[in-house]
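Novice: There's a structure below that I have some questions on.
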Amino acid sequence: MKIQKVESKLAWFNEISAGIGLVVGYLCYTLFWLLSPETKIELSVTEPVYEEVIIGYVPREIETESIPDSEELESAMKDAHLKPVMVKSPTFSVDGKPILKTTKTVFKGMGEPSVVVQRVELLKPNFSSYSYTVTKGKQKFITYFSPDVFYTGTGFYFDQKSVEFSGGKNAEIFAVKVATLFALLSFMLFLLKIRPDPRKCIERFKKTSFDVGDTD
C-alpha cells in the first residue's frame, strides 16, 4: 500500500516537473537580476536625420458589386481619389550630403559590454507602382491598394553602433536549464520507480525451461 502511494506521488511529480522547473528557473533568474548590478555604457551615436516625404500616390479603396476584372478596375481607379504615399527619407543638405546628428546614448545590460560598429549605407526610398487586394465586404467587394516601395543606395555611409553584453544570464536559457535539471531528477525517480526486483527476476529465471533441440 505504501509502495503504491510512493509510485503515485512519483508519477505525479514526473508529470509536473518540467513546469515546476520553468517556474523555479524564472524565480531564480528574477532574484539573480535583482541582486546583480546593471552595467551602463554611454556612447556618442551618429545617425542620419530623416523627414516625412511624399514619394507617390495610390488610389483609395474602391467598392464594386462583384470581383472586378482588369477593365472594370482600371475604370474604377480613374474615378477613385488618390492618397499620398508617406515614407521616411534621409535629409540632404544643399551641397547634396546627408545631414547627420550626434547624440549621447546610454546602453544598459548585464555582463561585460562590447561595442559593435557596422558600416551601413544610407538608403533612399523610391516609389515604383502599387498592388491591390480584393476582399469581400458586407455588401460589396472592396479593393485595397498598397504602394510598392524599393530602396536604392546613395553612396553615403555612416557607423551604426550597438552594444552587446556578454557574461550576463538570459532568462529563457536560465529557466530552461533549471527545467532540464528537474526533468532529469524526475527521470531518475521514474527509473527508480520501475526498477526490476532482483528476487522476482531470479525466480522467473528458475521457472523458465529451455528446450534443447537434437543436432544431427
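Novice: Somewhere in region 16-31, is a residue exposed (fewer than 12 other Cβ atoms within 10 Å of the Cβ), modelled with pLDDT of 60 or more and under 30 Å from TYR157 (Cβ atoms)?
Specialist: No: zero hits.
Novice: Further question on the same structure: Look at THR143 and say whether it is surrounded by 15 or more Cβ atoms within 10 Å (Cβ to Cβ), closer than 30 Å to GLU51 by Cβ and of a type outside the set (Asp, Glu).
Specialist: no
Novice: Quick check: is even one residue across region 67-78 of a type in the set (Val, Ile, Thr), at pLDDT below 90 and assigned by TED's automatic domain parsing to the domain that holds PRO147?
Specialist: Yes.
Novice: So, in region 113-166, how many residues would count as being of a type in the set (D, E, K, R) and more than 30 Å from LYS40 (Cβ to Cβ)? So that I can check it myself, show each step before the final result.
Specialist: To start, the set of residues in region 113-166 that are of a type in the set (D, E, K, R) comprises 119, 121, 124, 136, 138, 140, 148, 159, 161, 164.
Subsequent filtering for residues that are more than 30 Å from LYS40 (Cβ to Cβ) retains 121, 124, 136, 138, 140, 148.
Adding up the residues that qualify gives 6.
Novice: Checking the condition surrounded by 15 or more Cβ atoms within 10 Å (Cβ to Cβ) and of a type outside the set (Lys, Arg), which residue from PHE107, PHE150 passes? Even if it seems obvious, please write down each step before you answer.
Specialist: Details: PHE150 fails: surrounded by 15 or more Cβ atoms within 10 Å (Cβ to Cβ).
Exactly one of PHE107, PHE150 is surrounded by 15 or more Cβ atoms within 10 Å (Cβ to Cβ) and of a type outside the set (Lys, Arg), namely PHE107.
Novice: Does PRO90 satisfy the condition of being modelled with pLDDT under 85, under 30 Å from THR105 (Cα atoms) and not hydroxyl-bearing (Ser, Thr, Tyr)?
Specialist: It is false that PRO90 is modelled with pLDDT under 85, under 30 Å from THR105 (Cα atoms) and not hydroxyl-bearing (Ser, Thr, Tyr).
The values are calculated or read from the model by the stated rules, or taken from the named source; none is laboratory data. Since the model is a prediction, treat every value here as computed from it, not as a measurement. Heads up, the Cβs are rebuilt from the backbone with ideal geometry, glycines too, and the neighbour counts pull from every protein chain shown.
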